[in-house]
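The values are calculated or read from the model by the stated rules, or taken from the named source; none is laboratory data. Computed from a predicted structure; not experimentally measured. No Cβ is skipped: glycine too gets one built from the backbone with ideal geometry, and neighbour counts run over all protein chains shown. Areas reflect the complete protein model, heavy atoms only, side chains present, ligands, DNA and RNA absent. Shrake-Rupley method; radii C 1.70, N 1.55, O 1.52, S 1.80 Å.
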Amino acid sequence: MKIYLNGTFVDEAKAVVSVFDHGLLYGDGVFEGIRSYDGLIFKLREHIDRLFESAHTIMLPIPLSREELIEVVKQCLRLNRLRDAYIRLVVTRGEGDLGLDPRKCLNPTVFAIADKIELYPKKLYEQGLSLITVATQRNVPEALNPQIKSLNYLNNILAKIEAINAGYEEAIMLSHSGYVTECTGENLFIVKGKQLLTPPPYVGVLRGITRQTVMELARLHHTKGAGRGAGLEAREELLTRHDLFNAEEVFLTGTAAEIVPVVKIDGRVIGNGKPGPATKRLQQGFRRLTKTAGIRY
Ligand code: PMP
């Protein structure tokens, strides 16, 4: 496997970074997870834009332009002869000393890994997930805004550990005030009547690119007539656990997982306990989009 690292493509075994890299020492860096489908990179520009926004907020200058980064991603896929892949793009503060001071890190580290996509078990999509809410609250945006897709995922990992300890695969995280935010690596949606609702970013969620795509898909179908698609009115709204328990359908969205039905939350059965019709229609719409929209390489 060829890895892009600081300007060149190197073999996997040679793709190493310093123990003084602040990405490693402090989680000081940003990243993106990107998908390609049959030779088309899905929402690449959106991912690059979000990477630049995360970097801008932490005042990390990315030493490549948007166009150059796009070329890196394409090249990485081509060199590894991958058509269906997951690409991890990472920019760290770079090598410094043992102190926090980012001014001591003169050269950001940039790397990209393109690998075969590890698909989640089919069972997950057919039967749906059971989730629990956990005690670990989502980061407060005023302290560490979840919009920054940073290398520090301990908030999410702590929640994931809680879910795993309780015998679940995934956790729902609440905000400081007890509102629903998101899962550890996916956004969350509910369907109630003709409404498709998801928590607003200010409550403490990442503005997921799949989330945005799903909202657009739902709206598109809505304007084209309910008979042809999901026929939903997509909106951001504060949600409580009560809203989740009494939703007709619940699903998660993320670049790697795509759209995952949820059938049980904290022991309460959601809807009829099976993936619902709106979720299925959105999954189909999403699939279609991945086959047509995207950047060829
Ligand atoms: N929330 C979190 C915390 C995430 O890390 C991710 C990405 N893995 C998402 C939501 C989903 O975002 P996207 O659809 O852009 O992958």
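I'm checking my understanding of the structure. Among residues of segment 239-262 that are part of a strand (DSSP E or B) and touching a Pro at 6+ places or on another chain (Cβ under 7 Å), which one is farthest from the ligand (Cβ to nearest atom)? Restricting to residues being part of a strand (DSSP E or B) and touching a Pro at 6+ places or on another chain (Cβ under 7 Å), the top hit is 261.
Taken as a whole, the structure leaves residue 21 outside the set of residues that are open to solvent by 20 Å² or more (accessible area, probe 1.4 Å) and acidic (Asp, Glu). When the residues of segment 123-160 are filtered to those that are more than 14 Å from the ligand (Cβ to nearest atom) and within 21 Å of residue 26 (Cβ to Cβ), the one that is surrounded by the most Cβ atoms within 10 Å (Cβ to Cβ) is 140. Find the residue count for segment 199-210, including only residues that are of a type outside the set (A, V, I, L, M) and either surrounded by 23 or more Cβ atoms within 10 Å (Cβ to Cβ) or near the ligand (Cβ under 8 Å from one of its atoms) (or both). Summing the residues that are of a type outside the set (A, V, I, L, M) and either surrounded by 23 or more Cβ atoms within 10 Å (Cβ to Cβ) or near the ligand (Cβ under 8 Å from one of its atoms) (or both) in segment 199-210 gives 5. A single entry from 224, 192 fulfils the requirement of being over 23 Å from residue 39 (Cα atoms), open to solvent by 50 Å² or more (accessible area, probe 1.4 Å), at pLDDT 95 or above and not assigned by TED's automatic domain parsing to the domain that holds residue 31: 192. When the residues of segment 161-175 are narrowed to those that are touching a helix residue (DSSP H, G or I) at 6+ places or on another chain (Cβ under 6 Å) and either modelled with pLDDT under 95 or hydrophobic (A, V, I, L, M, F, W, C) (or both), which ends up surrounded by the most Cβ atoms within 10 Å (Cβ to Cβ)? Out of the qualifying residues, it is 173. The one condition from (1) closer than 23 Å to residue 48 by Cα; (2) within 12 Å of the ligand (Cβ to nearest atom); (3) open to solvent by 30 Å² or more (accessible area, probe 1.4 Å) that residue 213 does not meet is (3). I'm trying to understand the selection: among the residues of segment 92-122, which are under 17 Å from the mean Cα position of the chain (by Cα) and open to solvent by less than 20 Å² (accessible area, probe 1.4 Å)? Within segment 92-122, 112, 114 qualify.
For segment 63-86, the count of residues that are open to solvent by 90 Å² or more (accessible area, probe 1.4 Å) and under 30 Å from residue 271 (Cβ atoms) is zero.
Count of segment 176-186 residues, restricted to those that are open to solvent by 10 Å² or more (accessible area, probe 1.4 Å), in contact with a helix residue (DSSP H, G or I) (Cβ under 7 Å, 6 or more places away or on another chain) and within 15 Å of the ligand (Cβ to nearest atom), is 2.
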